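Remarks on the structure that follows.
The values are calculated or read from the model by the stated rules, or taken from the named source; none is laboratory data. Not measured: the values here are computed from a predicted model. So basically every Cβ, Gly included, is an ideal-geometry build from the backbone, and we count neighbours across all protein chains shown.
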Amino acid sequence: MWSLNEKYTQWCGYLGVSSNFMKTAMTDWCRRKTWTKTDEEEYFAKLGRARKDGRAQYLRIQAYELIETKDMNLLTVAQTLLNKILTDYPDNRFERSSTYNHLGEIYKLRQDYDTALGYFQKSLDFEKEYPNVTTTSYLDFAETVVRAEKTELYEKVYKLLTDKLNENSLKFPNQSYIMYSVMSVISEYKGDLEKANVFADLADKFATTQTNSLWNPRKNKIGVVKERIKWLDKLVGRK
């Protein structure tokens, strides 16, 4: 499974900026990996002094950092911060899809797949309404469906990924690896073994691809598969 940090790096790649630049552009106060009483007090004091139009972003960034720890107690804090975005900044459309996506990540880490899918779907629905910001929710939704064996959603996922593959947009190797893996699992479930094998071969191809299609050689390692997803490979039959 790819981390939120990898997703963030790829998002920076879309923008054509360095992820290190973006990280250093944000001060450390909203990138805490702990949440003591002192952390909380300092964070909200600085948040209160920040420009109002940037506060939702700072809340999401801090939540993101806590999710990255995968600590169950810190996931609860992250959830509170994300919900604060939805309640305190309901008109902020720029952060909405990412907020839903991060809430889905939290529930996926808790293995509450039904709730996770609900948030990924909310993210996808909002992206139709506000396409200026897109996330990896389509991929997270698809991956969670096969992991939770929600076979009633297989057709929906297959169409979702087919539409995404047909889009004229940049796709990183790790995205293609997961998409083709999921489509292989679904094809095998439907009894189409020929397609399942074709998709499995494509998944293997992208899992071992060493560069992306970005023109800048300094960024051509963004989005390559660093570690294969063991449970997904097992479902595909490529252990």
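Among the residues of region 169-179, is any out of contact with any Cys (no Cβ under 6 Å at 6 or more places or on another chain), over 18 Å from TYR138 (Cβ atoms), surrounded by fewer than 17 Cβ atoms within 10 Å (Cβ to Cβ) and free of Cβ contacts under 8 Å to residues at least 60 places away in the same chain?
The initial filter retains those residues of region 169-179 that are out of contact with any Cys (no Cβ under 6 Å at 6 or more places or on another chain), namely 169-179.
Remaining after also requiring over 18 Å from TYR138 (Cβ atoms): none.
No, every residue in region 169-179 fails to be out of contact with any Cys (no Cβ under 6 Å at 6 or more places or on another chain), over 18 Å from TYR138 (Cβ atoms), surrounded by fewer than 17 Cβ atoms within 10 Å (Cβ to Cβ) and free of Cβ contacts under 8 Å to residues at least 60 places away in the same chain.
Among the residues of region 186-228, how many are more than 20 Å from SER169 (Cβ to Cβ) and surrounded by fewer than 15 Cβ atoms within 10 Å (Cβ to Cβ)? Give the steps one after another, and end with the answer.
Filtering region 186-228 for residues more than 20 Å from SER169 (Cβ to Cβ) gives 186-198, 200-201, 204, 207-208, 210, 217-218, 226-228.
If we keep only those that are surrounded by fewer than 15 Cβ atoms within 10 Å (Cβ to Cβ) too, we end up with 190-194, 201, 208, 210, 217-218, 226-227.
Residues that pass the stated criteria total 12.
Can we say ASN220 is touching a Gly at 6+ places or on another chain (Cβ under 7 Å), polar (S, T, N, Q) and more than 18 Å from LEU161 (Cα to Cα)? No: the conditions fail for ASN220.
For region 161-182, what are the residues that are part of a helix (DSSP H, G or I) and of a type in the set (A, V, I, L, M)? I'd like the intermediate steps shown before the answer.
Within region 161-182, the first condition is being part of a helix (DSSP H, G or I), and the residues that meet it are 161-166, 173-182.
Passing the criteria: LEU161, LEU165, ILE178, MET179, VAL182.
Collect the residues in region 200-239 that are of a type in the set (Asp, Glu) and not in a loop (DSSP other than H, G, I, E, B), keeping them in residue-number order.
Result: ASP201, ASP204, ASP233.
Taken as a whole, the condition of being part of a helix (DSSP H, G or I), in the same structural domain as VAL236 (by TED's automatic domain parsing) and out of contact with any His (no Cβ under 8 Å at 6 or more places or on another chain) applies to VAL185.
Among all residues of region 75-87, there is at least one that is more than 20 Å from PHE126 (Cα to Cα) and under 18 Å from the mean Cα position of the chain (by Cα). When region 114-160 is filtered for residues that are crowded, with 20+ Cβ neighbours inside 10 Å, among the aromatic types (Phe, Trp, Tyr) and either free of Cβ contacts under 8 Å to residues at least 24 places away in the same chain or not in a helix (DSSP H, G or I) (or both), only TYR119 remains. Cβ separations smaller than 9 Å between residues 6+ apart or across chains give the following pairs from region 30-49 residues that are of a type outside the set (Ser, Thr, Tyr) to residues that are surrounded by fewer than 13 Cβ atoms within 10 Å (Cβ to Cβ): TRP35/ASN73; LYS46/THR27.
The residues of region 88-113 that are surrounded by fewer than 20 Cβ atoms within 10 Å (Cβ to Cβ) and in a helix (DSSP H, G or I), listed by number, are ASP88, LEU109, TYR113.
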